[in-house]
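Engineer: Below is one structure. I have some questions about it.
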Amino acid sequence: MTLTGELLIGGERRFGTNGEIKGVNPASGETLEPAFGGATKADVDAAAALAQEAFASYRALPYETRATFLEAIAEHIEAIGDDLIVRVMAETGLPRARLEGERGRTTGQLRLFASVLRDGGFLEARIDPALPERKPLPRPDLRLRNVPLGPVAVFGASNFPLAFSVAGGDTASALAAGCPVIVKAHPAHPGTSELMGRAIQAAVASVGLHPGVFSLIHDSGYEVSQALVADPRVKAAGFTGSRRGGLALAAIAQGRPEPIPFYAEMSSINPVILLPAALAARGPAIAEGFVGALTLGAGQFCTNPGLILAIDGPELTAFVEAAGKAVEAAPAAVMLTPGICQAFAHGVAALNDAPEVTTVARGLTGVGHTGQAALFSVSGADFLANPHLHEEVFGAASIVVRAADQAQLEKVIAAIEGQLTIAIHMDEADHGLAGDLLPALELKAGRILVNGFGTGVEVAHAMVHGGPFPSTSDGRTTSVGSLAIARFLRPVSYQNLPEALLPAELKTDNPLGVVRRVDGKIG
């Protein structure tokens with residue numbers, strides 16, 4: 001498939017006139033063709049106008065048609081074939097096997113939300129029948145369902161060019177909810193974004209939908225991103241990226257005359273807690289698994305284990321020694337962009353130069369835009385005294401925090417910021433201590449896992465990929481799993497609406513067969 005560098009505004013293609021964007025191969029430094037034209041505010045206006053125009057007909061579609069549309073997107077993505085993988089490899093430096101798996105995850109997410117639509121549970125349908133004889137006052141007939149918010153802006157992520165970008169989880173869940181989507185492509189992989197955008201555009205046409213259901217724009221700066229979030233026709237936004245960028249856009253979303261929900265995934269260091277019995281029984285094995293998770297994908301996962309928390313002692317010393325040897329043997333890995341590589345190097349240098357921090361080990365060096373793995377150690381007291389040690393270094397870098405005792409370990413947990421994940425390594429003898437820590441961990445993370453690491457996010461109904469600030473801007477939500485659809489819905493209650501006017505899912509005879517809560521009982 002030949003790339004054109006064009007914007008996709010509804011069903012049209014046009015070349016942007018606001019600057020120029022080109023992909024860069026981070027492994028070689030080669031600039032990739034073609035050039036992509038940046039969008040103007042007029043392009044944003046056109047995309048938003050089309051999305052608003054499409055909203056009424058799109059939200060009114062039968063859920064089966066919407067499900068068929070999501071499946072059509074998955075099929076069109078798969079039909080691109082190897083051209084997609086080759087382009088993503090060129091723009092990201094990521095290996096083929098990783099990207100083939102990510103493509104499968106992306107199409108799997110789309111099909112998951114198709115099944116969610118067919119199930120109907122996302123509607124949260126509730127009926128409280130009228131009680132005209134109730135004393136002292138009768139109860140009216142009340143019926144509730146969730147409805148879509150309206151057009152949604154989605155910002156592509158740098159570290160997941162498929163699963164968290166143009167056709168990723170935010171787009172899939174918003175489209176499933178009944179919301180047209182405008183995607184702002186990540187500038188690091190414009191070609192990948194065009195290929196994925198054209199797959200969605202083709203699916204829109206194949207199902208016969210209003211073309212405004214989807215648009216894709218490129219941005220050579222910040223102006224267009226800001227205009228997209230500020231546009232009054234956009235009713236919600238999904239973002240994966242830096243804390244600085246997320247907070248800047250969140251401020252725009254909240255400062256509008258009509259504030260909108262802004263769902264940002266921003267910063268997480270994903271602590272791993274090593275409890276004493278597990279550390280004593282299998283510390284070296286845990287160390288091997290930890291370094292594997294730390295260096296996976298050059299550490300460029302939002303669930304990368306950037307912090308190890310444990311009570312100090314000879315078992316922890318043995319763990320640190322084993323982890324250090326594994327880090328020293330870790331090859332340098334290509335990072336996603338020159339900017340990410342530079343930021344990682346600066347973050348590692350700051351830790352290396354901090355007087356309270358001990359550098360345990362550095363990985364093998366590389367050439368070009370590669371990251372050299374790093375492991376550091378600090379006392380619990382120094383960690384508590386230095387908030388800058390709590391900040392994310394995006395890449396394969398981690399700090400071991402050596403707590404003096406259980407009380408200090410609990411203080412360290414209380415001091416850390418909100419996280420996407422917290423992992424606990426435990427044996428049966430650790431259950432008492434784990435039970436003591438669990439209430440605090442529930443307040444700090446969206447996902448708590450045992451004897452593993454946060455890397456590897458299963459796309460499932462019970463998954464939460466979210467967490468308290470600053471891991472996300474709204475810790476009540478998830479961006480992965482079927483519950484992600486709830487971000488783009490809101491409840492509407494209908495009081496004494498005539499049967500003939502009720503939505504099908506709330507009619508008394510339940511023609512759609514959806515699960516409903518009737519008079520408080522699910523059936």
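Engineer: Which value in nm describes the separation of the simple spin-label points at Thr2 and Ser28, placed 7 Å from the Cα toward the beta carbon?
Structural biologist: With each label point 7 Å from Cα toward Cβ, the separation is 2.2 nm.
Engineer: Rounded to whole Å, give me the distance from the Cα center of the range 22-36 to that of the range 291-319.
Structural biologist: Taking the Cα centre of each part, the range 22-36 and the range 291-319 sit 33 Å apart.
Engineer: Looking at the chain only, what percent of DSSP beta bridges run antiparallel? Nearest 5 please. Walk me through the numbers before you get to the answer.
Structural biologist: Working: 27 of 68 bridges.
Antiparallel bridges: around 40 percent, rounded to the nearest 5.
Engineer: Separate question: For the range 59-194, give the share of DSSP beta bridges that are antiparallel, in percent and rounded to the nearest 5; count only bridges with both residues there.
Structural biologist: Taking every DSSP beta bridge with both residues in the range 59-194, the antiparallel ones total about 50 percent.
Engineer: Once amide H atoms are built 1.01 Å from N in the peptide plane, which residues 5 or more positions from Ala236, or in another chain, come under 5 Å H to H?
Structural biologist: Placed amide hydrogens put Ala153 under 5 Å from Ala236.
Engineer: Based on alpha-carbon centroids, what's the gap between the range 393-448 and the range 249-267 in Å, whole number please?
Structural biologist: Taking the Cα centre of the range 249-267 as reference, the centre of the range 393-448 is 30 Å away.
Engineer: List the residues, sorted by chain then number, that are 5 or more residues from Val183 or on another chain and whose placed amide H is less than 5 Å from its amide H.
Structural biologist: Correct list: Val154, Ser215, Leu216, Ile217.
Engineer: Please list 159-165, 494-500 highest first by mean number of surrounding beta-carbon atoms within 10 Å per residue.
Structural biologist: Values: 159-165: 27.9, 494-500: 10.7.
So the peptides 159-165, 494-500, ranked by packing, come out 159-165, 494-500.
Engineer: Right, something else. Would you mind checking the tilt of helix 190-207 against the longest principal axis of the Cα atoms of the chain, expressed as 0 to 90 degrees and rounded to 10?
Structural biologist: 30 degrees
Engineer: Looking at the chain, how many pairs of lysines come closer than 27 Å at the Cα, when each pair is eight or more places apart or spans two chains?
Structural biologist: Counting lysine pairs in the chain gives 9.
Engineer: Shape of the range 92-194 from its Cα gyration tensor (a ≥ b ≥ c, root eigenvalues): rounded if a/c is under 1.5, otherwise prolate when a/b > b/c, or oblate?
Structural biologist: Values: a/c = 5.12, a/b = 2.94, b/c = 1.74.
It is prolate, given that a/c is not under 1.5 and a/b is the larger ratio.
Engineer: Starting from the 7 Å offset along Cα-to-Cβ, what nm value, one decimal, do you get for the label separation of Thr317 and Leu142?
Structural biologist: Modelled inter-label distance: 6.4 nm.
Engineer: For Thr370, what residues show an amide H to amide H distance below 5 Å, using hydrogens built from the backbone and excluding near sequence neighbours?
Structural biologist: Met335
Engineer: Moving on to the next point. Along Cα→Cβ, 7 Å out, is where each label goes; now give me the distance between the ones at Lys135 and Val450 in nm to one decimal.
Structural biologist: 5.4 nm
Engineer: Residues of the chain: accessible area per residue at 1.4 Å, in Å²? Provide the component values of the computation, followed by the final result.
Structural biologist: Working: 20380 Å² over 523 residues.
I get 39 Å² per residue for the chain.
Engineer: Would you mind telling me the antiparallel percentage of the DSSP bridges in the range 349-498, rounded to 5?
Structural biologist: 25 percent
Engineer: Just order 270-278, 198-206, 136-144 by mean Cβ neighbour count inside 10 Å, highest at the front, would you? Please list the in-between numbers first.
Structural biologist: Values: 270-278: 23.4, 198-206: 21.1, 136-144: 13.3.
The peptides rank, most packed first, as 270-278, 198-206, 136-144.
Engineer: For the chain, what does the alpha-carbon gyration tensor say about shape, rounded, prolate or oblate, given a ≥ b ≥ c as the root eigenvalues, a/c under 1.5 as rounded, and a/b over b/c as prolate? Write out the running numbers ahead of the final one.
Structural biologist: On the way: a/c = 2.17, a/b = 1.31, b/c = 1.66.
Judged from the Cα gyration tensor, the chain comes out oblate (a/c at least 1.5, b/c at or above a/b).
Engineer: A further question follows. Whole-Hz ³J(HN,Hα) for each residue in the range 481-495, computed from phi via Karplus 6.51 cos²θ - 1.76 cosθ + 1.60 with θ = phi - 60°, x for glycine and proline: what do you get?
Structural biologist: Couplings: x, 5, 5, 4, 5, 5, 5, 10, 10, 9, x, 10, 9, 10, 10 Hz.
Engineer: Still on this structure, I have one more. In the full protein assembly as shown, how much of Glu321 is accessible to a 1.4 Å probe, in Å² to the nearest 10?
Structural biologist: 110 Å²
The values are calculated or read from the model by the stated rules, or taken from the named source; none is laboratory data. Worth saying up front: this structure is predicted, and the values here are computed from it rather than measured. Don't worry about glycine lacking a Cβ; one is built from the backbone with ideal geometry, like all the others, and counts go over all protein chains shown. Accessible surface areas use protein heavy atoms only, side chains included; no ligands, DNA or RNA. Shrake-Rupley method; radii C 1.70, N 1.55, O 1.52, S 1.80 Å.
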